[in-house]
Structures are given as structure tokens and as C-alpha cells.
Amino acid sequence: MSRRRRAFFRNRTAIAGLVLVGVVVLAALLASAAPFDPETRTDSFRTPPDAEHWLGTDENGFDVFSRLVHGARSALLVALAAVGIALAVGVPAGLVAGWYGGWVDGAISRAVDVMLAFPSVLLAVAIAAALGGGSTGTVILAVGIVIAPPFVRQVRAAVLQVRPLDYVAAAKALGASDARILFRTVLPNCVAPILVLTTLSTGIAILDAAGLSFLGLGPPETSPDWGVMLTKARVYIQHDEQWMLLPPGLAISLTVLGFNLVGDGLSDAFDPRRLSRS
Amino acid sequence: MTHALRRILVTFPLLLAVSLLVFALAGALPGDAADWRFAKQPEAKEQWRRARGLDDPFLVRWGRYVTGFATRLDLDRSYQDDEPVGPVLLRKLQATFELTLCAMTLGVLVGLAVGILSAVFPRSPLDYLGQVLALGGISVPVFWLGMVLIVVAVKVFGFPFSSSQYDPALAERVKDFRTHLYLLESLVRLRLDVFASCARHLLLPALALSTIPMAVVTRMTRSAMLEEMRKDYATTARAKGLRARRVVLRHVLRNALIPIVTITGLQFGQLMGGAVLTETVFSWPGLGRYIVESGVRARDTPVIAGGILLVATTFILVNLLVDLLYVLIDPRVREGQ
């Protein structure tokens, strides 16, 4: 493990990703310390950045910097909850499909195929619309379902690799139950690919959630949410306040970039071929 | 070929499952399109609901929909104006197809070139550029990029930005067009004024959308090329005195193409539906935007179901095409191994 940790921490781009993610987490944790309440009107409307309002104010008189910081909290919460759903559904499904095979595997794999035969953005839109749209919970559920199929595939593939190995046979010979073998013997040996996928999926979840908000299927208009802020900014591109595009857009891009860099770094660190080469 | 045939046969239950899902989801919510359309005329509402069979259980409605489609290729009529949705959806599908095709072409060409050069010259400035492209394309939200492109084009280059597929002033010139692939048809008919207008309208949305396949193809090309270049046959080819360019382009690239073609096919399908965000930013009259704005907002199940079926069908057709491409690229597949 320590060799892998060293490989990860020697990777400069991975460290850059870790810093980006760290900044966003810090912003989310300290959001309550923001100078203004994100949903309370201030005295100025549509003003450019100044000493009082670091990133200016929007057309509702809300302080953009405070909304941005609260947006970090909302983005992380949505992404973590969605990835949580994907893990809770995908990992057991993948374990069962890979372990039992046969018709169970067939049914689960076909269901995954149906979902993957669908453009993911459109699937998320359909699910969010069917759930009624217009709330954070809807977004979490829609995104969680859409990003789950790769987890099923990944875990299933990992189980198939581990299943014929001796230590699994040993656990079986000791009389361990299926559940015990799956969760105590098989699962710990599939941690690496799941960890990489979880990191990369967090970035995808942030992007998908922002897209749903942008289409009007996310939280209400006054919520401090990056996707909602961009929907608002869309109106400004015809006016002179085009800089309003920058804060939420850069926030989303840099956060997702951070998760992607960390995911790539983890993937490199876990890949035995790359380790032996360096 | 039998493989391709099997793929087609598997497609039908898949499409059935997809349409069932749409009807189940649409039926799961209280209220429907009638509440919205006949908000002020309760009697007309009940009459219309009976006429359209909206009170039947969703399985019955789904059965009727599937039989209608299977026997008459009928995609049912809209709940908003009782007009057939098929022709509208096909028109929107063509607009999305034109946008996706241009974005894919741009993305794949740049992605292949940058990916190959990054693999041949690792750690060169080009390799770093490739990595920036690859990471940027999957990290930057495409709808934000679209808006930034609009601002930059209008402010910096004075590019006259307008939405839709062509300049409305040219409406007379496209009246006799048989398809809605305006860019292609105007080129075939040599109507260069229309072609120029279409190209100008397509440029920004295609550029924005192309960053997604560009990123994915760059990444895949680079890693597949690096993987293949390490293999013995590449060393052998070099050792017997072939020029480096020939080894890279004729030997290595050919083997690396399989995963690249696969990912390109998957990307194409994803973009056909995923273009909805780009279409919204640029007011492009595409299918995804139509499904969201006309279908989802008004709870118009035939529009949603038909639109999603068309997208899923395109996705499956593209993947079928990819299977056939394997045969061209890889002789082992041709000989049925």
C-alpha cells in the first residue's frame, strides 16, 4: 500500500487535483462563514465586483461570492449522495451478477445494457421529469441512477477475476456463507477499481447535476446552485454583464477537473504495470 | 455477419423495454397533459381523455402504442394539438444528426491527430496540449463552454450570432429541400449562399459539442497507440528497416483502431441525446431540446416516447455500423474468429 501511496503522491497532476478538491471541500465546510446570506437581497443589484461584494451581485440583489461558496456545498452534497446511490445499487448488483452467474447475471447484465443503450443526459432528464423535477432530491436520484451502470459492470468484472483464485476456494472450504465470502473476501479485493470509479463518477455527477439544473429540472431559481446560476447568466450574455458567466462556470470546471485528476492519479497508482515501469 | 444479425434481433426487446419504461414513468405521476391543456374546460377535458384513451391503465396504452408502431409505423399523435408526432420528430432528429455529425467529425479528426502525435512524441509540448484537451473536454460543462464561445465570437470577432439552422431570410431558397440536413443538401444542390449560412450557424454549436468526443478520442488514441507501440511486432517492423512513419500509420494505428472505433460509436450515440444542452444554449431546433421543451414540460408522452425511441434506435444503428467497421479493420473478425 505504501508503494502505491508514494506513487500517488509523487504524481504532480494528482496533487494538483487533490488541492482543487481540497479548496472546494473547504469552501463547502466554511460556507456559513460567507459574508452574506445567499438568498437574502442586499442593497445593490447587478453590480460588478467591488470591496464589499467580491464577485458582485446578481439581478435579485444576491451576493454572487456567497452564492458561489454555498453552491460548493450543494454541488458536493448532490454529487456525494448520487454516488452513494450508485454504490449502494451498483456494488451489490455487480457482486451478485459476478458471483452467481447464470440467469441472475443475465438479467442484471441486460438491465445494465438497456441503461447504457441510452444517452445518459437524456436518461437523467427522463427520470428527473418522471419524478416531477424541481428539487434537489430529484436531481440526486436521477443522477444516481444514471451513473450506477458502470459500477455494476466494474464490480462484476472484478468478481469474475477474483472468483477462481485459491483464497476464495479456501474461504469456501472453511464453510463461509456466500454473503461472508462476497463482502469479506471478494469485495476487499475489488476496492481499487471501485475507488477510481467513485472518484471519476463524482466529477460526472457534478456535471450531470449542473446540466439538469440548467434545463430547469433542478432546485428552484433562488437556490445557491451552480447550474441555476448559469441559467441566470445565460440571460446576461446579451447584455453587458457577461462576466457573470465566469464564477459558476469556472467553479464547476475546476471542481470536476480536480476529481478527474485525482481519479487518474489513483488509477495510475493502482495499475501494477505502470508501477513496475517506473 | 451473423453477429450483426444477432445484434439486430436483440435490439427489438431492448426497444420494447425502453418504451415500456417511458410509459410506466409517465403514468407514475398524478395528473397528465389534459389538466394542462383543458385547464379552463373540464367537460372538454373528460371527453378528450376518453377519446384518446388516457384513462386506460398504462399497460393498455403501451400495448396500443406498440401495436400502432409495429403495424403502421405510427408514433401516435401529440397530446398538445393531436397532430402526428412522427414527422416533427424526424425533422428534429435530422437537425440533431447534422449537429452531431459535424461535432463528431471535428472531434474525431482532431482527437486522432493529437492522440497519435502525443503517443509518438511523449512529453513533448504536443503531448501536454493533448492532455489539456483530454481533461478539459471531460471537465468543462458543454453548455457553459457554448455560452463562452458565443460571448467571445460576438465580442471579439464580431461574429453575427443567431440561432436556428440557417438565416431566416433564406427561407425561400430552402423551400424545395427534401431533407432537413440543410448543410449537406445545400452542398449537393450547389446552393452556396445557403451552404455558407448553414455553416456559419453550425460552427459554434458544433465546436462546443465537439470538445466531448475530442477529449475521449484523444485519450483513447494516445493510450491505445502507446500500448501497441510497445508490442513485439512494432519492434520487428522497425528492426526490419521500415520507416517510423510507416510503422506507426500502417502497423500500429491499424491495431489501435479497434478500441478507438468502439469508443467513437458509443460517443456518437451519447451525443445524439446528450446534445440537448448544446441545443438549448444555441436554440438549435434539435430532438433533445424538443423532447425537453415540448415533451417533458407539457407531459406529452407520445413526444417523449417517440423521441427517446428514435434516439435509442439511432444509438443501436450506429453501434451496428461499428460492428461492420470491425470487419473492415480486423481480418480476424472477417474470418469469424
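The values are calculated or read from the model by the stated rules, or taken from the named source; none is laboratory data. Treat the numbers as computed from the prediction; the structure is a model and nothing was measured. Neighbour counts are summed over all protein chains in view; Cβ atoms, including those assigned to glycine, are modelled from backbone coordinates with ideal geometry. Accessible surface areas use protein heavy atoms only, side chains included; no ligands, DNA or RNA. Shrake-Rupley method; radii C 1.70, N 1.55, O 1.52, S 1.80 Å.
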List every residue pair whose Cβ atoms lie under 7 Å apart, where the two residues are 6 or more positions apart in sequence or sit on different chains, the first residue falls within region A:201-214 and is of a type in the set (Phe, Trp, Tyr), and the second residue, located anywhere, is open to solvent by 10 Å² or more (accessible area, probe 1.4 Å) and modelled with pLDDT under 95.
A:Phe214/A:Thr231; A:Phe214/B:Leu277
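Being crowded, with 17+ Cβ neighbours inside 10 Å and more than 19 Å from the chain's Cα centre (by Cα) is true for just one of B:Val311, B:Val296. Which residue is that?
Values: B:Val311 fails: more than 19 Å from the chain's Cα centre (by Cα).
Sole residue among the options that is crowded, with 17+ Cβ neighbours inside 10 Å and more than 19 Å from the chain's Cα centre (by Cα): B:Val296.
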When you scan region B:238-275, how many residues do you find that are more than 14 Å from chain A (Cβ to nearest Cβ) and not in a loop (DSSP other than H, G, I, E, B)?
21
Take the conditions surrounded by 18 or more Cβ atoms within 10 Å (Cβ to Cβ), within 12 Å of chain B (Cβ to nearest Cβ) and out of contact with any Lys or Arg (no Cβ under 9 Å at 6 or more places or on another chain) and apply them to A:Leu261. Does it pass?
yes
Quick one: A:Leu141 ticks every box in (1) over 23 Å from B:Ala17 (Cα atoms); (2) within 14 Å of chain B (Cβ to nearest Cβ) except a single one, so which number is it?
(1)
Considering only region A:218-257, state which residues are within 21 Å of B:Val276 (Cα to Cα), more than 8 Å from every other protein chain (Cβ to nearest Cβ), open to solvent by less than 40 Å² (accessible area, probe 1.4 Å) and not in a helix (DSSP H, G or I).
A:Gly218, A:Pro219, A:Asp225
Do we find a residue being closer than 21 Å to A:Val91 by Cα and either buried (at least 20 other Cβ atoms within 10 Å of the Cβ) or touching a strand residue (DSSP E or B) at 6+ places or on another chain (Cβ under 8 Å) (or both) anywhere in region A:160-177?
no
Answer yes or no as to whether B:Pro331 is surrounded by fewer than 20 Cβ atoms within 10 Å (Cβ to Cβ), in contact with a helix residue (DSSP H, G or I) (Cβ under 6 Å, 6 or more places away or on another chain) and more than 10 Å from every other protein chain (Cβ to nearest Cβ).
no
What pairs come out if I take residues in region B:132-148 that are more than 7 Å from chain A (Cβ to nearest Cβ) and pair them with residues that are open to solvent by 30 Å² or more (accessible area, probe 1.4 Å) and assigned to a helix (DSSP H, G or I) whose C-beta lies under 6 Å away, six or more apart or interchain?
B:Ala134/B:Arg219; B:Gly137/B:Thr211; B:Gly137/B:Ile212
Taking region B:58-96 and keeping residues on the phi > 0 side of the Ramachandran plot and open to solvent by 80 Å² or more (accessible area, probe 1.4 Å) leaves B:Leu73
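Identify all residues within region B:279-289 that are assigned to a helix (DSSP H, G or I) and either more than 10 Å from chain A (Cβ to nearest Cβ) or not polar (S, T, N, Q) (or both); write none if there are none. It would help to see each step written out before you state the result.
Here is the first cut: in region B:279-289, the ones assigned to a helix (DSSP H, G or I) are B:279-281, B:287-289.
Residues satisfying the conditions are B:Glu279, B:Val281, B:Leu287, B:Gly288, B:Arg289.
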For region B:201-227, pairs from a residue that is within 26 Å of B:Val120 (Cβ to Cβ) and in a helix (DSSP H, G or I) to a residue that is of a type in the set (S, T, N, Q) and open to solvent by less than 10 Å² (accessible area, probe 1.4 Å), with Cβ under 7 Å and 6 or more apart or across chains, are B:Arg222/B:Ser118
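I need the full set of residues from region A:117-151 which are of a type in the set (S, T, N, Q) and in contact with a Ser or Thr (Cβ under 9 Å, 6 or more places away or on another chain), in order please.
Kept after step one, since they are of a type in the set (S, T, N, Q), are these residues of region A:117-151: A:120, A:135-136, A:138.
Once the filter is applied, which keeps residues that are of a type in the set (S, T, N, Q) and in contact with a Ser or Thr (Cβ under 9 Å, 6 or more places away or on another chain), region A:117-151 yields only A:Thr136.
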Considering only residues of region A:19-55 that are assigned to a helix (DSSP H, G or I) and surrounded by fewer than 17 Cβ atoms within 10 Å (Cβ to Cβ), which is nearest to the chain's Cα centre (by Cα)?
A:Val25
